[in-house]
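The values are calculated or read from the model by the stated rules, or taken from the named source; none is laboratory data. All values derive from a computational prediction rather than experimental measurement. Note: ideal-geometry Cβ built from the backbone for every residue, glycine included; neighbour counts use all protein chains shown.
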Amino acid sequence: MLLDVHGQGLSLNEAIRKRVERRLMFALGRFGDRIGWVTVHLIDTNGPRGGVDKLCRVVVEVR
């Protein structure tokens with residue numbers, strides 16, 4: 001299972017990337033032989049205006 005993490009409108013440091021990867025491996029690890037690719041998009045929909053406006057989109061490509 002390959003993981004790809006993207007950030008849009010926010011900065012992703014290594015700690016955030018590692019946390020996302022750990023959480024995904026915990027949640028999806030048992031399906032690892034059936035999953036080819038996982039893409040995670042973390043998006044700040046409101047941009048620099050701030051507020052509670054974060055979006056997480058997970059796309060799983062199965063084999």
- Note on the structure: Checked 52, 38, 58 against criteria (at pLDDT below 90 and of a type outside the set (S, T, N, Q)); the one match is 52
- Residue in segment 1-24 that is farthest from the chain's Cα centre (by Cα), counting only those that are part of a helix (DSSP H, G or I) and either touching a residue at least 12 places away in the same chain (Cβ under 8 Å) or surrounded by 14 or more Cβ atoms within 10 Å (Cβ to Cβ) (or both): 16
- Task: Answer with yes or no whether residue 28 is exposed (fewer than 12 other Cβ atoms within 10 Å of the Cβ) and of a type outside the set (Ser, Thr, Tyr).
- Result: no
